[in-house]
Amino acid sequence: MITTTNITELRKIRATLPAPVGLVPTMGYLHEGHLSLVRRASQECRSVIVSIFVNPTQFGPNEDFARYPRDIPQDLQLLEKENVDVVWTPTPEIMYPSGFQTWVSVEEITKTLEGKMRPGHFRGVTTIVSKLFNATQPNRAYFGQKDAQQALVIRQMTEDLNFPVEIVICPTIREPDGLAMSSRNVYLNPAERKAATVLWRALYTARQAYENGERNAKTLREIMLDILNKEPLAQVQYVSCADIHTLLEWEDQIQGMALLSMAVLIGKTRLIDNIVLGGTLSQ
Ligand code: AMP
């Protein structure tokens, strides 16, 4: 496994890698969710590149960029075991040298959900992913359904800008009690960790209602809200039942595939989760 920070060196190594090349972009502090993407990439690609970069431009001014968990030595140990070929760990100075002034932004589907709550977030995401794609020239790139809107935004960008990259969306990996794995779960104290299962309980209960025939979007949102509101440590930011294509709320009956999603503060920690009804996002 080769580790580098430098873009020129990365390009030289990339030129020697057998195709297809798979890229797994991450912000590090790796867990089984990330590793599931790496394993999928290893199964489908002859070479695997993992990038680790906590991207400052996707964090808002009052968000957790400075205290976002980081542990590169442990990440490298985990990746070594997965037979990754290259780990790219650029610095903010490499990705955003002084004078940087070019941005990539996707319009309509970044206006709702996470995009609405976190202004500028997706502009940071699409800009950095464009830069990662340009530097690593992957044939395939792997993203988690855990960040469903992010995956859809990147798929849109890839199509719109004709990046020759296949976007693969992988299922959300959960703890045994249903909590979606996330680097941010480390922020939770024991009481909050217990309370955090409420996101999955809300999604699961709404899915059961859907499976029993419920198609009214407002009812599904209410089912989730009722459960979330019963948890004293939870403060709901949004609960959504949206059209998977436009990410606009279904008003009455769901007509096709729906993305059920939510953002919830558990104490001071902001958690997101989602499921898809009527089909799958992940392959
Ligand atoms: P992050 O390091 O949080 O930026 O995540 C890097 C990639 O891993 C993104 O594509 C995420 O959607 C994905 N990911 C994060 N958590 C999970 C999870 N629990 N299951 C599957 N994929 C995940």
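The values are calculated or read from the model by the stated rules, or taken from the named source; none is laboratory data. The structure presented is a predicted model; accordingly, all values stated were derived computationally and were not measured. Heads up, the Cβs are rebuilt from the backbone with ideal geometry, glycines too, and the neighbour counts pull from every protein chain shown. The accessibility values were calculated without ligands, DNA or RNA, using every heavy atom of the protein model including side chains. Shrake-Rupley method; radii C 1.70, N 1.55, O 1.52, S 1.80 Å.
Screening VAL84 on (1) open to solvent by less than 10 Å² (accessible area, probe 1.4 Å); (2) within 11 Å of the ligand (Cβ to nearest atom); (3) assigned to a loop (DSSP other than H, G, I, E, B) shows it passes everything except condition (2).
Residues in region 1-51 that are open to solvent by 20 Å² or more (accessible area, probe 1.4 Å), under 17 Å from ASP75 (Cβ atoms) and outside any loop (DSSP other than H, G, I, E, B): ILE2, THR3, PRO25, GLU32, HIS34, SER36, ARG39, SER42. Of all residues in region 147-172, those being assigned to a loop (DSSP other than H, G, I, E, B), of a type outside the set (Val, Ile, Thr) and crowded, with 20+ Cβ neighbours inside 10 Å number 0. Among all residues of region 176-183, there is none that is assigned to a helix (DSSP H, G or I) and open to solvent by 40 Å² or more (accessible area, probe 1.4 Å).
The residue that is surrounded by the most Cβ atoms within 10 Å (Cβ to Cβ), counting only those in region 243-279 that are of a type in the set (S, T, N, Q) and at pLDDT 95 or above, is SER261.
Could you please tell me which pairs satisfy a Cβ distance under 6 Å, a separation of 6+ or placement on different chains, a first residue in region 249-263 that is farther than 14 Å from GLY278 by Cα and of a type outside the set (Gly, Ala, Ser), and a second residue that is open to solvent by 20 Å² or more (accessible area, probe 1.4 Å) and assigned to a loop (DSSP other than H, G, I, E, B)? From residues that are farther than 14 Å from GLY278 by Cα and of a type outside the set (Gly, Ala, Ser), there are no pairs. The C-beta contact set for region 172-193 (first residue away from the ligand (no atom under 13 Å from the Cβ), second residue in a helix (DSSP H, G or I) and modelled with pLDDT of 95 or more, distance under 9 angstrom, 6+ apart or interchain) comprises ASP177/LYS194; ASP177/TRP200; LEU188/LYS194; LEU188/ALA195; ARG193/ASN185. Report whether or not ARG123 is touching a strand residue (DSSP E or B) at 6+ places or on another chain (Cβ under 6 Å), farther than 20 Å from VAL276 by Cβ and of a type in the set (Lys, Arg). Criteria not met by ARG123. Here GLY99 fits the description: at positive phi, free of Cβ contacts under 8 Å to residues at least 24 places away in the same chain and either within 11 Å of the ligand (Cβ to nearest atom) or of a type outside the set (A, V, I, L, M, F, W, C) (or both).
Going residue by residue through region 120-141, is there one that turns out to be part of a loop (DSSP other than H, G, I, E, B) and buried (at least 21 other Cβ atoms within 10 Å of the Cβ)? There is at least one residue in region 120-141 that is part of a loop (DSSP other than H, G, I, E, B) and buried (at least 21 other Cβ atoms within 10 Å of the Cβ).
Scanning region 194-218 for residues that are within 15 Å of the ligand (Cβ to nearest atom) and either under 23 Å from LEU152 (Cβ atoms) or in the same structural domain as THR136 (by TED's automatic domain parsing) (or both) turns up LEU199, TRP200, LEU203. Does at least one position in region 89-97 carry a residue that is under 24 Å from ARG270 (Cα atoms) and either open to solvent by less than 10 Å² (accessible area, probe 1.4 Å) or in a loop (DSSP other than H, G, I, E, B) (or both)? No, region 89-97 contains no residue that is under 24 Å from ARG270 (Cα atoms) and either open to solvent by less than 10 Å² (accessible area, probe 1.4 Å) or in a loop (DSSP other than H, G, I, E, B) (or both). For region 4-21, state whether one or more residues are within 16 Å of the ligand (Cβ to nearest atom) and under 30 Å from ASN185 (Cα atoms). Within region 4-21 (the criterion being within 16 Å of the ligand (Cβ to nearest atom) and under 30 Å from ASN185 (Cα atoms)), the answer is no, since none of the residues qualifies. Residues considered: TYR210, TYR204. Of these, the only one that is closer than 19 Å to LYS146 by Cβ, open to solvent by 20 Å² or more (accessible area, probe 1.4 Å) and either in contact with a helix residue (DSSP H, G or I) (Cβ under 6 Å, 6 or more places away or on another chain) or outside any loop (DSSP other than H, G, I, E, B) (or both) is TYR204. Of all residues in region 129-161, those satisfying the criterion of being within 13 Å of the ligand (Cβ to nearest atom) and out of contact with any strand residue (DSSP E or B) (no Cβ under 8 Å at 6 or more places or on another chain) are LEU152, VAL153. When you check ASP226 against the structure, is it surrounded by 14 or more Cβ atoms within 10 Å (Cβ to Cβ) and not polar (S, T, N, Q), yes or no? No, not satisfied.
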